[in-house]
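These notes are about the structure you will find just below.
The values are calculated or read from the model by the stated rules, or taken from the named source; none is laboratory data. Computed from a predicted model, the values in this text were never measured in an experiment. Note: ideal-geometry Cβ built from the backbone for every residue, glycine included; neighbour counts use all protein chains shown. Please note that ligands, DNA and RNA were not included when accessible areas were found on the heavy atoms of the full protein model with its side chains. Shrake-Rupley method; radii C 1.70, N 1.55, O 1.52, S 1.80 Å.
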Amino acid sequence: MSCVVDGTIPPSSGLSSSSALVCCAGLVTMEANQKSLSKVALAEICAKCERYIGTEGGGMDQSISFLAEKGTAKLIEFQPLRATDVKLPDGAVFVISNCCVEMNKAASSHFNIRVVECRIATKMLAQARGLDSSRLLKLAQVQTELKASLEEMLALVDEVLHPEPYSREEICKALSITSEHFSTELLSSNTQHVTHFKLYQRAMHVYGEAARVLRFKSVCDSEPAESVQLLGDLMNQSHASCRDLYQCSCPELDQLVDICLKSGAVGSRLTGAGWGGCAVSMVPSKKVESFLQAVREAYYLSDPRRAAMEKQSLFVTKPGGGAAIFLEE
C-alpha cells in the first residue's frame, strides 16, 4: 500500500481527527486486502486499535465515522453497537467553534484519570448493591445488572458515594483489595501517580449525561413547538455538568461557550474529550450570520493567534455521510 493522507479537521480539537484517521486506515487496509467487513465490525475494530496509543477511549467517534448518514443525527448505543436515526428540528443549525487550545489525549493523563475514576465508582456501586464487582468495569454495566433507570442510578450514587475525594486507602478498604491490586487492576500506566479520586462527581455526570441524551432524542422524536429551546437547555446543562462535575472543560472553552450564548445560540457545550478543542452551539437559522460575526469579533479577532486560525475554527455544520471509498473507473 502507498498512501497519501490529507485532512481538513483541525487536530487535537475534539472533532475526532484521530478517530477519522484510524477509521480511514482501517477502511483502506480492508479494501487493499480485498476483505469485506460490516460497518459495525469495522467501527469496533477501530475503537480497539486506538487504545494502542494508551488512551482508554470508548467507541463513539469510530461508530459515527462509519455509521453516519447524510441529513440525520444518530443515537449510538453499545453492547451491542447500534445506531438509530434522530431527526433534528427545522429552524436551527449547529455551529462549531474552536477555542484554539489543543488537547492531545495521548500526551496527557486527564482523559485516563476520568476513565479510572468511573471504573472505581463502578466497583464501589456494585459492592454496595451486592454485585460481583470483579467483572464490572463500566457504570452502564451496574445499571444493566440492577435493571435500574438512570434516575434510580443517580439516586444510588447520591446514597452510596460521598462528594469529598476518595484516597487510595479508603478505596482499597471499601473494596477489600491490596494497594498492589489497586495499582495493577484499576489504574492505567499513566495514572499511577494519582492519589485522590472524585467518584461521586464523575458518576453523577455519566448517569446525568446519559439521561440528557435520551431526553434530547425524546424532544426530537415528539417535535414540540419549543423543541429548539428545549434542546438548547439540555446542551447548556450538559456543559455545566462537564465543567463542574466531570471537570473536563478549560477557561477558554467556558469563555467561548459564554460568548456563543450571548451571541444568539440557544445552547452551547464543549464537544470531544474536553480540556480544549471545540464548542458546538445550536443557533436559530435566522440568526446564523449575526452569530458568526459576533463570535468572530468577541473571541477571534481580539487575539492575533486565534485570528490567524479563525477561518478553519468557526463554521456551520450539518450531519453528513460516514466513511466511504471512491473507486476510479
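Specify which residue in the list SER238, CYS49, LEU199 is farthest towards the positive end of the charge dipole of the chain, using unit charges on the beta carbon of Lys, Arg (+1) and Asp, Glu (-1), about the Cα centre.
CYS49
With equal scatterers on the alpha carbons only and no solvent term, can you work out the Debye log10 of I(q)/I(0) for region 74-232 at 0.13, 0.17, 0.18, 0.21 1/Å?
-0.76, -1.09, -1.16, -1.33
Leaving ligands, DNA and RNA out of it, rank VAL22, VAL213, VAL157 by accessible area with a 1.4 Å probe, largest first.
VAL213, VAL22, VAL157
Report the local net charge at PHE197: Lys and Arg +1, Asp and Glu -1, summed over other residues whose C-beta lies under 12 Å from its C-beta. Write down the numbers at each step before the final one.
On the way: positive: ARG114, ARG119, LYS123, ARG168, LYS198, ARG202; negative: GLU117, GLU164, GLU169, GLU170.
Combined, the nearby Lys, Arg, Asp and Glu give +2.
Starting from the exponent 0.38 and prefactor 2.2 Å, build the expected Rg for region 79-137 from its residue count and divide its actual Cα Rg by it.
Working it through for region 79-137, the quotient is 1.81.
Pull up the cross-link candidates among the lysines for LYS87, meaning alpha carbon to alpha carbon under 25 Å and not fewer than 8 places away within one chain.
Filter leaves LYS39, LYS70, LYS74, LYS217, LYS286, LYS287, LYS318.
What is the dipole size for the chain, taken about its Cα centre, with +1 at each Lys and Arg Cβ and -1 at each Asp and Glu Cβ, in debye to the nearest 20?
Details: 33 positive and 38 negative charges, 26 e Å.
For this selection, approximately 120 debye.
What ³J(HN,Hα) values, in whole Hz, does the Karplus curve 6.51 cos²θ - 1.76 cosθ + 1.60 give for region 180-187 when θ = phi - 60°, with x put for Gly and Pro?
5, 4, 4, 5, 7, 9, 9, 8
Please turn the phi angles of region 53-59 into ³J(HN,Hα) values with the Karplus equation 6.51 cos²θ - 1.76 cosθ + 1.60 (θ = phi - 60°), one per residue in order, whole Hz, x for glycine and proline.
7, x, 8, 8, x, x, x
Expressed in nm², what is the orientationally averaged projection area of the convex hull enclosing the Cα positions of region 210-272?
Computing the convex hull of the Cα atoms and averaging its projections yields 4.4 nm².
To the nearest 20 debye, what is the magnitude of the charge dipole of region 5-133 about its Cα centre, counting +1 on the Cβ of each Lys and Arg and -1 on the Cβ of each Asp and Glu? If you can, show how the numbers build up before the last one.
Details: 13 positive and 13 negative charges, 66 e Å.
The dipole of region 5-133 has a size of about 320 debye.
Summing -39500 (n - 2.57) over the DSSP H runs of n ≥ 4 in the chain and dividing by its residue number, what mean residue ellipticity at 222 nm do you reach, to the nearest 500 deg cm²/dmol?
One gets -14500 deg cm²/dmol as the mean residue ellipticity at 222 nm.
By what distance, in whole Å, do the Cα atoms of region 167-271 stretch along each of the three principal axes, largest value first?
Principal extents (Cα only, largest first): 56, 32, 20 Å.
Taking the 0 to 90 degree range and rounding to the nearest ten, how far is the long axis of helix 17-32 tilted relative to the main principal axis of the chain, both from C-alpha atoms?
With rounding to tens, the tilt is 80 degrees.
Can you give me the Rg/Rh ratio for region 204-329, using Cα atoms for both radii and the Kirkwood formula for Rh?
With Rg and the Kirkwood Rh in hand, the quotient comes to 1.02.
Name the residues whose placed amide hydrogens come within less than 5 Å of the amide hydrogen of CYS99, ignoring near sequence neighbours (fewer than 5 apart) on the same chain.
GLY277, CYS278, ALA279
Find the centroid of the Cα atoms in region 137-200 and in region 1-57, then give the distance between the two in whole Å.
31
Along the charge dipole of the chain, Cβ charges K/R +1 and D/E -1, which of ALA273, GLN312, LEU187 sits furthest on the positive end?
The listed residue farthest towards the positive side: LEU187.
Could the peptides 224-233, 202-211 be put in order, highest first, of the mean number of other beta-carbon atoms found within 10 Å of their residues?
Top of the packing list down: 202-211, 224-233.
If you take the square roots of the eigenvalues of the alpha-carbon gyration tensor of region 1-107 and sort them as a ≥ b ≥ c, do you get rounded (a/c under 1.5), prolate (a/b over b/c) or oblate?
Cα axes put region 1-107 in the oblate bin.
Under the rule of at least 5 residues apart or a separate chain, name every residue whose amide H is placed under 5 Å from the amide H of SER249.
The answer is TRP275.
As I understand it, the dipole of region 1-150 uses +1 on the Cβ of Lys and Arg and -1 on the Cβ of Asp and Glu, about the Cα centre. Which of ILE113, ALA83, GLY7 lies farthest toward its positive end?
ILE113
To the nearest 10 Å², what's ILE9's accessible area with a 1.4 Å probe?
Only protein atoms counted, so the area is about 70 Å².
Rg (Å, one decimal) plus Dmax (Å, integer) for the alpha carbons of the chain?
Both quantities, over Cα of the chain: 20.8, 66 Å.
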